[in-house]
Amino acid sequence: MSGRNVNNLKLIIAVVFVVSICFLVASVFGFNYFQGLPEESYDDETDDLTVIGFSQLGSESLWRSANSASIQEVFQKDNGYFLIFNNARQKQENQIKAIRSFISQRVDYIIFSPMTEEGWDTVLQEAKEAGIPVIVVDRMVAVEDPSLYTAWVGSNTEEEGQKAGRWLEQYVEEQGYAEEPLNIVVLQGTLGSTAELGRTKGFNTVADEHQNWNILKQESGDFTAALAKEVMRSMLQQYPDIDILVSQNDDMTFGALEAIEEAGLTTGPDGDIIVISFDAVREALELVESGKINLDVECNPEQGDFILEVIEKLKHGETVEKYNYVEETVFTQENVSEQLPDRTY
């Protein structure tokens, strides 16, 4: 073998060795990064701070981003807190890993927004045994022992669904076709999530009171615009006479509107299809104002201050409510313009 080939072989071996070492170090010290967990950790400099571990289910929507920002803004060092943030990227297994990481780091409090309601008993039992209070936010958990979490902060999603149904009752009455057959399709969120379960149940409770309300199909768009567009396109092909779309979040509504427009149909107060949406992010409220969305039921993402209030009470040994609901409203063309200038999300 020539000297040049020997040198090349040595170089290849050296590169392979360095890469292997990098992966080994990453697996030991950077595990959190590759799992979508927080890169930052805390040390002696945070001894005077209250350490919070927060596992957000993902960043699937504008609402979710606003929710994360709200929590990150209040749990800062200036307020006496150190926040370890985790983006689970829509995977429950990532959230369970994150919570276990928080437990091993002995954080003071754990906050998390669960991907779905089921499957949390074991890891929350571990948190309870470690003596770490858990605050569930936005979505709920279905556990056999409610003491596994200290408090919940979020929206009454079943009430949101009922608000949508009651508005539709009044609207069709005012338009003069309350007794006519109404064909409805529903874009559901992530199946098994609190928002999907609550909004579905709430709206269906009202729909069941009206024999002329025909729910043609309910199908998940997983809270994303891309999938909702595909589902809506399929629904339009299957049902050419849709009167009403109920979309369980604004991102799905954006995708659905694209499909409807591509099909040559219109929406809103003067359109072919009545559109009811949920969340009420700024971009959607602008569509309410312009007349493409009839109703947007608010789901308030700015929950940081509410969570902070709960934790401050716990720090001072005060009793907290188990369920803490945030304030919300509904938007139509009649009231949306006065709200838009001050909208922060």
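For GLU126 and GLN339, a Förster radius of 45 Å and the Cβ-Cβ distance give a FRET efficiency of 0.55, rounded to the nearest 0.05. Considering only ILE274, ASN294, LEU308, and ranking their Cα positions along the charge dipole of region 273-314 that arises from unit charges at the beta-carbon of Lys, Arg, Asp and Glu, the one farthest toward the positive end is ILE274.
Near THR122: Cβ cut-off under 14 Å, other residues only, Lys/Arg at +1 and Asp/Glu at -1. The net charge is -4.
With axes computed from alpha carbons, what is the tilt in degrees of helix 225-238 against the longest principal axis of the chain, rounded to the nearest 10 within 0 to 90? That works out to roughly 40 degrees. Region 141-203 and region 220-290 have Cα centres separated by 17 Å. Charge dipole of region 157-299 (Cα centre as origin; +1 on each Lys and Arg Cβ, -1 on each Asp and Glu Cβ, all else neutral): 320 debye, rounded to the nearest 20.
Around PRO181, with a cut-off of 13 angstrom between Cβ atoms, what is the net charge of the other residues, counting Lys and Arg +1 and Asp and Glu -1?
Neighbourhood net charge equals -4.
For the chain, the share of DSSP beta bridges that are antiparallel, to the nearest 5, is 5%. Other residues whose C-beta falls under 12 angstrom from the C-beta of SER70 contribute a net charge of -3, scoring Lys and Arg +1 and Asp and Glu -1.
Going from the residue with the fewest nearby Cβ atoms within 10 Å to the one with the most, THR266, THR157 rank THR266, THR157. Ignoring aspartates and glutamates fewer than eight residues from LYS322 along the same chain, the ones with Cα atoms less than 14 angstrom from its Cα are ASP138, ASP145, GLU309. Computed extension gain for ALA263 through VAL320, at 0.36 nm per residue and net of the alpha carbon distance, reaches 15.4 nm.
Annotation for GLN170 and SER104: the two label points, set 7 Å from Cα along the Cα-Cβ direction, are 5.3 nm apart.
Adding -39500 (n - 2.57) for every DSSP H run of four residues or longer, then dividing by how many residues the chain holds, sets the calculated 222 nm ellipticity at -13500 deg cm²/dmol.
Read-outs throughout are calculated quantities, based only on the coordinates presented, and are distinct from any laboratory measurement. Not measured: the values here are computed from a predicted model. Virtual Cβ from ideal backbone geometry, glycine too; neighbours counted across all protein chains shown.
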